[in-house]
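Just below is one structure, and these are the notes that go with it.
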Amino acid sequence: MATRDINPILKQVLELGPTLLFFLIYTRIKDEAYTLGGTEYTGFIVATLVFIPILLVAMGILWAMTGRLSRIQVFTAFMVIFFGGLTAWFNDERFFKMKTTIIYGLMAVTLGIGLLRGRSYLEWIMGEVMPMRHQGWMILTRRMTLFLAAMAVFNEVLWRTQSTDLWVKIETFGFPLLMMVFFVAQMGMFNTYLIEDDADPKP
């Protein structure tokens, strides 16, 4: 299937919308308990179960409209389904909270393995959409590896020591904000290593 560009605002809605809906649903039902199949579930677990099909529908629409999904999107969806399933099966919200730690941790380990081999897996994933010299990719990969490892540790400490309410708020708003701050902080490096096409080719 050929890839197509779509309105960037619509793309952001499809990518971020499911998480925001999870937050809204959780906020609405967090103090409720629901009995399904003879088992009582908290509002958090029910919100998690509702989140999974919402995410899959959003990804399906995004794929249908653009003809592509990034490897990170597919990996994240798999982890959400897997740990969401474990959360429901064992009726234990800790599995869904651990999902964030494992996603960040595995990404950090994967990038670290690439660095040990003298490669940047970020360049392999993002090189087509963000042309940058190899040295820049290596610098960004080293920084991203450390950042993701720190995020994994932060999430693990967070869910083990703080309330579910606080975890949901930071998962929904705090982690995306930290990611945005990280990339904004790399602007100087991007300006140095990005490859720019000539705006006006010479005749």
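Are any residues in the range 37-53 outside any loop (DSSP other than H, G, I, E, B) and either open to solvent by 40 Å² or more (accessible area, probe 1.4 Å) or without any contact (Cβ under 8 Å) to a residue 12 or more places away in the chain (or both), and if so, which ones?
The first filter runs over the range 37-53 and keeps only residues outside any loop (DSSP other than H, G, I, E, B), leaving 39-53.
Selection gives Thr39, Glu40, Thr42, Leu49, Val50, Pro53.
Under the condition of being aromatic (Phe, Trp, Tyr) and over 15 Å from Phe96 (Cα atoms), which residue from the range 144-200 is most open to solvent (accessible area, probe 1.4 Å)?
To start, the set of residues in the range 144-200 that are aromatic (Phe, Trp, Tyr) comprises 147, 154, 159, 167, 173, 175, 182-183, 190, 193.
Okay, now just the ones that are also over 15 Å from Phe96 (Cα atoms), so 147, 154, 173, 175, 182-183, 190, 193.
On the way: Phe147: 36, Phe154: 82, Phe173: 101, Phe175: 4, Phe182: 22, Phe183: 62, Phe190: 15, Tyr193: 35 Å².
Ranking the qualifying residues of the range 144-200, first place goes to Phe173.
From the list Ile125, Ile72, pick out the single residue that is in contact with a Lys or Arg (Cβ under 8 Å, 6 or more places away or on another chain), closer than 24 Å to Val181 by Cβ and in a helix (DSSP H, G or I).
Ile125
Residues of the range 78-122 being of a type in the set (Lys, Arg) and either assigned to a loop (DSSP other than H, G, I, E, B) or open to solvent by 60 Å² or more (accessible area, probe 1.4 Å) (or both), which ones?
First, the residues of the range 78-122 that are of a type in the set (Lys, Arg): 94, 97, 99, 117, 119.
Answer for the range 78-122, where residues must be of a type in the set (Lys, Arg) and either assigned to a loop (DSSP other than H, G, I, E, B) or open to solvent by 60 Å² or more (accessible area, probe 1.4 Å) (or both): Arg94, Arg117, Arg119.
Checking Tyr34 against (1) at pLDDT 90 or above; (2) not in a helix (DSSP H, G or I), which test does it fail?
(1)
Kindly indicate whether any position in the range 179-186 is of a type in the set (Val, Ile, Thr), touching a Ser or Thr at 6+ places or on another chain (Cβ under 9 Å) and in a helix (DSSP H, G or I). So that I can check it myself, show each step before the final result.
First, pick out the residues of the range 179-186 that are of a type in the set (Val, Ile, Thr): 181, 184.
Pick out the ones that are also touching a Ser or Thr at 6+ places or on another chain (Cβ under 9 Å) and you get none.
No, the conditions are met nowhere in the range 179-186.
The values are calculated or read from the model by the stated rules, or taken from the named source; none is laboratory data. Given the structure is predicted, the values throughout are model-derived calculations rather than measurements. Methodologically, a virtual Cβ is constructed for each residue, glycine included, from the backbone with ideal geometry; neighbour enumeration extends over all protein chains shown. Just so you know, the surface numbers come from the protein's heavy atoms only, side chains and all, with ligands and any DNA or RNA stripped out. Shrake-Rupley method; radii C 1.70, N 1.55, O 1.52, S 1.80 Å.
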